[in-house]
Amino acid sequence: MNKVSEYINILKAQLKIRKQKDFKIDKTLTDKLAQCPCSTKYHGAYPGGLVDHLLNVTNLSYRLSHLFTLNTDDRSSLMFCSLIHDLGKLGNCDSDLYLPNPDSNTREKVPFIANTSLISIPHETRTLYWLDRMNIHGLTEDELQAICYHAGPYKSGYMDSIRKESNLLVLLHSADNLATKIIER
């Protein structure tokens, strides 16, 4: 089973737990997942790096949820947010957020560049675009906060949530940071 199929199967299982019945996972999404890097030059800067990252964060979140013995609803929210937190890095249906770097002098150090033809919208917000496209609705306040601020202090606006962070945000940020800084180095 390839990584995209593995990812889709896990996502479908989580959506069933959430009782999301009318979700749509189309070929555009799966094709983009197969090719999308996770960053321009850092973690997962290769085709398919995004799906590897999403699976790494999900695996770490699963471990954290058992370490801290989360209840079923909290574990389900953490797993769901782990699977979808960076979907905005896909860009939109028509344009990728990251493009292969055409500059042969820097391609090795920076294999991808940001697509400047897209308007400036944070990838966290673009994630909501993909959820809407997949007909996935009903996020809780904690889930919305976790998706919007999962990058923690690396993201503007995070400081507004200090001392108001949900446990979900703390756990998702921790799993994301561990995946990014340790597993995917």
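Bear in mind that the values in this text are calculations on the coordinates, not laboratory data. None of these values were measured; they are calculated from a predicted model. Here the Cβ is made from the backbone with ideal geometry for all residues, glycine too, and neighbour counts use every protein chain on show.
Summary value for the chain: 24 percent relative contact order, contacts being C-alpha pairs under 8 angstrom separated by 6+ residues.
Lysine pairs in region 1-96 whose alpha-carbon atoms fall under 26 angstrom of each other, counting only those eight or more residues apart or on distinct chains, come to 29. Segment Glu108..Ser76, full-extension length gain: 7.6 nm, with 0.36 nm per residue of separation and the alpha-carbon distance subtracted.
Determine the distance separating the Cα centre of region 22-66 from the Cα centre of region 109-148; give it in Å without decimals. Cα centroid of region 22-66 versus Cα centroid of region 109-148: 13 Å apart. Distance between the modelled labels on Ile17 and Lys3, one decimal in nanometres: 2.2 nm (7 Å Cα→Cβ projection).
Springs join every pair of Cα atoms under 10 Å in this Gaussian network model of the chain, and among Ile84, Ile121, Ile136 the largest mean-square fluctuation is at Ile121. Taking only the Cα atoms of the chain, the radius of gyration and Dmax are 15.9, 51 Å. Taking amide H atoms as placed 1.01 Å from N in the peptide plane, the amide H of Ile113 lies under 5 Å from those of Leu99, Asn101, each 5 or more residues away in sequence or on another chain. Computed from the Cβ-Cβ distance with R0 of 30 Å, the FRET efficiency linking Ala34 to Phe68 stands at 0.35.
Quick one: which of 48-59, 138-149, 22-33 comes out on top by average Cβ neighbours within 10 Å, and what's the full order, highest first?
Per-residue Cβ counts within 10 Å, averaged per peptide and sorted highest first, yield 48-59, 138-149, 22-33.
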